[in-house]
Amino acid sequence: MASEDELMMQDATDDGESFDDDFYSGGDVHDDSDDDDVMDYDFIDNDSDDSDTVIAHHRSQSNYSILNEADIHKCQEESITKISTVLSIPRVDAGILLRHYNWSVSKVNDEWFADEGKVRRIVGLLENHVPVPDGEELTCGICFDVFPRKEISGAACGHPFCFTCWQGYISTAITDGPGCLMLRCPDPSCSAAIGLDMIKKLANDDDKKKYNRYFIRSFVEDNRKTKWCPAPGCDYAVDYIVGSGSYDVTCGCSYSFCWNCTEETHRPVDCGTVSKWILKNSAESENMNWILANSKPCPKCKRPIEKNQGCMHITCTPPCKFEFCWLCLGPWTDHGERTGGFYACNRYESAKQDGVFDESEKRREMAKNSLERYTHYYERWATNQSSRQKALSDLQQMQTVHLEKLSDKQCQPESQLKFIIEAWLQIVECRRVLKWTYAYGYYLPEHEHAKRQFFEYLQGEAESGLERLHQCAEKELQGYLDAEGPSKEFNEFRTKLAGLTSVTRNYFENLVRALENGLSDVDGHGAYSRAASSKSLGGGSIKGKGGRGKGTTSRSSSSRNIDDSGHWSCEYCTYANVRSATACQMCQQRR
């Protein structure tokens, strides 16, 4: 007969094996793709020295691959070889064609076979190369000096220029930037393209290095399927299969970002919402709202003044020094005991009753409400961001220092402490998701009350579950790190942490699935649909104004959930509870 710990450990192990297949793979969003084709969310050990292993791991992702400089060069060479072979043209000309058509092999083929002559004219490829004129001495077309034939060179057009002028022309173009990749003949009347062979032959070593760097970068920056990793100092690029599903990618440097907008990963919030939120955080609009809500303009110089204490007698700062009443904004010389003294203003009260200040007060109240609402969401967004950064730091400490220490103290191999790393990985990912749900909530329309209520319910459940997991991994684990020897309660801690990890993952799967579906589980009558609630919430009870509770179903079916060992499984988180328990010991849901 299995014990409670064994049942829970089996449940947690089963959930752990599907760690990447459920929440981190995108759930049910991409039903039309195979499981192997869905991108996983993986976390990389930042201290791993085996960078090749990291890159190989990500190359296994079906919808994107990570490219280093050698990979990019290899892709370039393969594309050039394809074009050169199919079109029967020199490799140099193939490279010029690909750069012009943004490294799209199919585009080059389509345009070439549609009208070869037109393509040659546009790109600057001559069908027949013209040799430099014969003669022992030739005149340079730039400096007009006479040089021996061996000191003169020309492009495919045959226009003769000396080596010195060529070097100066090429160096100036390279110094100006990536435009050097589309270099043409120096002759004003000629549009013949200058290929890589001329650069290698005539440019100095520094210019060759710069040109090669531009050439490599052009494959990424001109190609719609590839983008550079936006992490500071990272030289990896991401080659993405457009239209293959989720945009979330993880670079070889371990930085995760959205391939579509290159911001940090923000699933389940769409790129448009993220763009608006980031713009709002950096814009001056909230500063103006604060000024409008918390200050009044001086009646004379119009500078905003904040009053945070004291009486109604205000004196503007020099050089204005205008004295006025804070309430009615009239000159203080017209005030005194007859108008209510220093702490009141009869004129203001009278004017207010007549509706004189209605519009300004209304604007100030609207600005104040808008500011308070924005502050509410921004503070929680920023708090989860800082909590995630702290969790990342704690994860690194756990991997590099504490895990070995804990292994020695508890006399257990590090392989059996993997559940701790999985818990921290879950915390990091859930903090990221929770952070962006606040941006989602800010832009959720106020009039959609049922959706907002459903969203806040799911968000609240996910957040409370995450806080329990974070506290367990942070504070309770510290006790075992500080212990002097093995602890008998460590196995119970293992069961609890693994169970909390599984429960928290379930909460966030529900939240992510609901947001990606546009909260479609709310029906048109402003209530949660029964079937959707049962699917999303695991048949648990829903408490709130937006829908009917499922408590009756849970109570009537609880007796059927008791197994042979006398335990009952929570329908909300599947934890195996002892028979006498009236509430789940893991998620606190009533039986």
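The values are calculated or read from the model by the stated rules, or taken from the named source; none is laboratory data. None of the values given here were measured: they were computed from a predicted structure. With ideal geometry, Cβ positions are generated from the backbone for all residues, glycine too; neighbour counts draw on all protein chains shown. Ligands, DNA and RNA are excluded from the accessible area calculation, which covers all protein heavy atoms including side chains. Shrake-Rupley method; radii C 1.70, N 1.55, O 1.52, S 1.80 Å.
Quick check for me: using +1 on Lys/Arg Cβ and -1 on Asp/Glu Cβ, what's the dipole size of region 398-523 about its Cα centre, in debye to the nearest 20?
180
Residue farthest toward the positive end of the dipole of region 52-191, with Cβ of Lys/Arg at +1 and Asp/Glu at -1: which of Trp112, Leu125, Ala155? Going by the Cα projections, it comes out as Trp112. The string of couplings for region 368-373 from the Karplus curve (6.51, -1.76, 1.60, θ = phi - 60°) is 5, 5, 4, 5, 5, 5 Hz, one whole number per residue in order, with x for Gly and Pro. Per-residue 3J(HN,Hα) values for region 470-486, derived from phi via the Karplus relation 6.51 cos²θ - 1.76 cosθ + 1.60 with θ = phi - 60°, read 5, 5, 5, 6, 8, 8, 5, 5, 4, x, 6, 6, 7, 5, 8, x, x Hz in sequence order (x marks Gly and Pro).
Site pair Thr582 and Ala231 shows an inter-label distance of 5.2 nm when each label is modelled 7 Å from Cα along Cα→Cβ. Between their Cα atoms, which of Lys405/Lys496; Lys276/Lys307; Lys118/Lys200; Lys280/Lys435 are more than 26 Å away from each other? As for pairs spanning more than 26 Å Cα to Cα, those are Lys276/Lys307; Lys118/Lys200.
Amide H contacts under 5 Å for Arg184: Ile194, restricted to partners 5 or more places along the chain or on a different chain, H placed in the peptide plane at 1.01 Å from N. Note on surface exposure: Tyr64, Tyr247 rank Tyr247, Tyr64 by accessible area, highest first, 1.4 Å probe.
Dipole magnitude for region 384-431: about 180 debye, using +1 per Lys or Arg Cβ and -1 per Asp or Glu Cβ, origin at the Cα centre.
Only protein heavy atoms count here; on that basis, with a 1.4 Å probe, Cys411 has an accessible area of about 100 Å². In terms of the mean number of neighbouring beta-carbon atoms within 10 Å, the peptides 135-142, 181-188 order highest first as 181-188, 135-142. A straight line joining the Cα centroids of region 465-488 and region 120-149 runs 78 Å. Peptides 414-426, 107-119, 496-508 ranked from most to least packed, by the mean per-residue count of other Cβ atoms within 10 Å: 496-508, 414-426, 107-119. Computed from phi, the 3J(HN,Hα) profile of region 387-396 under the Karplus parametrisation 6.51, -1.76, 1.60 (θ = phi - 60°) reads 5, 5, 4, 5, 5, 4, 5, 5, 4, 5 Hz, with x in place of Gly and Pro.
The three principal axes of the Cα atoms in region 109-208 give end-to-end lengths of 44, 32, 21 Å, sorted in falling order.
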